[in-house]
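First up is the structure itself, then whatever we jot down about it.
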Amino acid sequence: MPGVIGKPDRTAAAQLLADAFFDNPAHVYIYPDDKTRRRKLEWLMRTNLNAQFDVGASFGKRAADGSIAAMGFWHPPGAPTANLVRLAQYGFLIMPFLHGISAFRRMLHVVDQIESRRLAALNGAESWYLNNMVVAPAARGMGLGSEVLRAQLRCRVDGSGAVATLTTQKAENVNFYKGLGFFTIDDRRVVDDNGEGFDNWIMLYQPPR
């Protein structure tokens, strides 16, 4: 499928994701030090891509020079959900040794809270789950993200018999996804025992009947 992001793109994709999520509240929570965050995020994203390429279906669009202009992943209905065993399978258990136990615990807290809330909001319904949807800086502001995701919803979700879900921690992203037909089903903050946390929205897209 033209434009699909593959395993040879892992390094470039990890760099794009690290740039895109550098100031994302969930990732700032995991890595509070902005001096080391970029380097650590690139490792986190590259490790996460091990899982994305395995259980997800990639999509994307290339720039004229062949670089990634936009990308994302769908976890199809029935795909395995994140848990400690799967995180271990994809290489996350070395994170405490690389980035410290605090970052590892915070990452586990983020994954557990967001995924458990998403599944609870679905109440047993199957869902396409949108992951790591980003647009390269040079391609932003031209409607590319809307174009790519609208086409994905049309070809993958509409007519599939399943809804689509996503999570985001930025209010401006909520407005972007609302423009594509998503609506909020959970907007509670993710907070730890120390009162630290971030805003989080879980959104759902209902295919037209």
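Laboratory data are not the source of any read-out in this text; all were calculated from the coordinates shown. The model shown is predicted, which means the values in this text are computed figures rather than measured ones. Cβ atoms come from the backbone with ideal geometry, glycine included; neighbour counts cover every protein chain shown.
See the values below:
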{"read-out": "For the stretch 163-209: span of alpha carbons on each principal axis (Å, largest first)", "value": "45, 19, 10"}
{"read-out": "Sites SER146 and ARG209 - FRET efficiency at Förster radius 30 Å, r taken between beta-carbons, to 0.05", "value": "0.85"}
{"read-out": "P(r), alpha carbons of the stretch 68-209 - 10 Å bins starting at zero, rounded %", "value": "10, 37, 36, 17, 1"}
{"read-out": "Inter-label distance for GLN89 and ALA138, nm, one decimal - labels placed 7 Å from Cα along Cα-to-Cβ", "value": "3.7"}
{"read-out": "nm² value of the averaged projected area, convex hull over the Cα atoms of the stretch 1-157", "value": "9.7"}
{"read-out": "FRET efficiency, VAL191 to ASP23 (Cβ-Cβ, R0 22 Å, nearest 0.05)", "value": "0.70"}
{"read-out": "Per-residue ³J(HN,Hα) for the stretch 9-18, Karplus 6.51 cos²θ - 1.76 cosθ + 1.60, θ = phi - 60°, Hz, x for Gly and Pro", "value": "8, 4, 5, 5, 5, 5, 5, 5, 5, 4"}
{"read-out": "Gained length - THR184 relative to GLU126, 0.36 nm times residue gap less alpha-carbon distance", "value": "19.2 nm"}
{"read-out": "Inter-part distance where the stretch 168-202 and the stretch 71-109 are each reduced to a Cα centre, Å", "value": "20"}
{"read-out": "Cleavage-rule hits (chymotrypsin sites (Phe, Trp or Tyr not before Pro)) in the stretch 1-80: DSSP loop, at most 15 neighbouring Cβ within 10 angstrom", "value": "PHE22"}
{"read-out": "Per-residue Cβ neighbour rank within 10 angstrom, fewest leading, ILE68, ILE5", "value": "ILE68, ILE5"}
{"read-out": "Virtual spin-label span in nm between ASP65 and ASP158, 7 Å along Cα→Cβ", "value": "3.5"}
{"read-out": "Relative contact order computed over the stretch 1-64 (Cα-Cα under 8 Å; 6+ residues apart), in percent", "value": "51"}
{"read-out": "Length-normalised contact order for the stretch 7-205 - Cα pairs under 8 Å, 6+ apart - percent", "value": "21"}
